[in-house]
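Down below is the structure, laid out as structure tokens.
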Amino acid sequence: MFTIEKPTSDQDINAYFAFRWLWLREPWGYPKGSEKDEYEGVSEHRMVKNAKGEIVACGRVHLNTTEEAQIRHIAVAKEYRRKGVGQIILSALEQVARDIGAERAVTNSRESSIEFFHSNGFEIIDEAPNELGKLKRKQMRKQLFDNNKMVLHPQWCRELQRTWHDEIPISEHMGIKLYQYTERTIETRASLNKNINLHGSMFAGSIYSLATLTGWGMIFLQMKQKKLKGEIVLGDASIHYHKPITMKPRALCNIESLNAKFDMLERGKKCPVSLQVNILDEHKQVAEFSGQYWVLPPKS
């Protein structure tokens, strides 16, 4: 029985770094402290514990860019190697990378671990600087896809994502992405790490922006479905917050909540659209957004 944990207490943090030094630095004669670098404070750390609460594997991931995450310092205790524990910690780090908005993961693999990463979907793309001045490494990369992701009309969805990033650049910096579209439901997600406040929860303004863009996206995709064109603007909105977001920001808009007079747009008149967006922290509803939008007919 294994559990995946994020080290938070002083005891866990000290044990995490001690484990990393033991398996990644001590065998090469490097002193304690050499297992750390300048990226520790901006990284997400994970460790695998056995049924006795002992650390048996660890690893770290941080963002290089808004699209690319780097996985580093994976270590597995010798007696747990070739027992699937390496896959457990790698999968956990890949999921963290997805959650913080990365589209691909890279790692600089020692020659001894190339086969492991290759068997988990990574491909060699280039040479990497030697580790500790002596260990040869290869840079490897993997595209990150979520197996639960269902997107109909992928061309429209890609156009929506590009439109957000091109016309609302802050959406890219917030890590807001279309996660799912099924013609009746749109789901978007945001990176908590990119929108976190000093209390460890998501900024209220970021939640509002996520909800606004989700509603905007639902109208955009519905217009694509109906072969209509127009400029979507937000007229008025309200949001009710119940609980903070501390895990996984999600926004859902269902077709049942949408009330639109698209026939007015067909007649060249501006079209009112009202809808609701539910905000969740993973599976728990934490806020409701009501928006009044307008779709302006194309200019002649």
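The values are calculated or read from the model by the stated rules, or taken from the named source; none is laboratory data. Remember, predicted model here, so these are calculated numbers, not experimental data. Cβ sites come from the backbone with ideal geometry, for glycine too, and all protein chains shown count toward neighbours.
Some values worked out for this structure:
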read-out	value
Failed item, numbered, when His45 is tested on (1) more than 23 Å from the chain's Cα centre (by Cα); (2) at negative phi	(1)
Check on Lys52, touching a Phe, Trp or Tyr at 6+ places or on another chain (Cβ under 8 Å) and among the charged types (D, E, K, R)	no
Unmet requirement for Glu115, which otherwise passes all of (1) at pLDDT 90 or above; (2) outside the structural domain of Asp99 (by TED's automatic domain parsing)	(2)
Members of the stretch 35-74 that are under 22 Å from Arg137 (Cβ atoms), of a type in the set (S, T, N, Q) and modelled with pLDDT of 90 or more	Ser43, Asn64, Gln70
Filter pass, Gly215 being surrounded by 17 or more Cβ atoms within 10 Å (Cβ to Cβ) and under 25 Å from Ile100 (Cα atoms)	yes
Some residue of the stretch 226-245 being surrounded by fewer than 14 Cβ atoms within 10 Å (Cβ to Cβ) and in a helix (DSSP H, G or I)	no
Of residues in the stretch 13-27 being at pLDDT below 95 and farther than 16 Å from Arg72 by Cβ, the one surrounded by the most Cβ atoms within 10 Å (Cβ to Cβ)	Glu26
Top-ranked residue of the stretch 163-190 - restricted to ones that are assigned to a loop (DSSP other than H, G, I, E, B) and of a type in the set (Gly, Ala, Ser), ranked as farthest from Ala211 (Cα to Cα)	Gly175
Residues within the stretch 253-272 that are part of a strand (DSSP E or B) and either among the aliphatic types (A, V, I, L, M) or over 22 Å from Ile239 (Cα atoms) (or both), tallied	2
Every residue from the stretch 105-122 that is touching a Lys or Arg at 6+ places or on another chain (Cβ under 6 Å) and charged (D, E, K, R)	Arg110, Glu111
Number of the condition not met by Ala69 [criteria: (1) of a type outside the set (D, E, K, R); (2) more than 30 Å from Ile176 (Cβ to Cβ); (3) buried (at least 19 other Cβ atoms within 10 Å of the Cβ)]	(2)
Flag if Ser209 is in contact (Cβ under 8 Å) with a residue 60 or more places away in the chain and within 20 Å of Ala287 (Cα to Cα)	no
The stretch 236-263 residues that are small (Gly, Ala, Ser), paired with ones that are part of a loop (DSSP other than H, G, I, E, B) and surrounded by 12 or more Cβ atoms within 10 Å (Cβ to Cβ) (beta carbon under 9 Å, 6 or more apart)	Ala251/Ile176; Ala251/Ala190
Among residues of the stretch 185-205, those that are in contact (Cβ under 8 Å) with a residue 40 or more places away in the chain and out of contact with any Gly (no Cβ under 9 Å at 6 or more places or on another chain), counted	6
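To keep it simple, each residue is scored yes or no on (1) over 19 Å from Ala57 (Cα atoms); (2) among the hydroxyl-bearing types (Ser, Thr, Tyr).
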position	(1), (2)
Gly86	no, no
Glu103	yes, no
Ser109	no, yes
Ser112	no, yes
Phe116	no, no
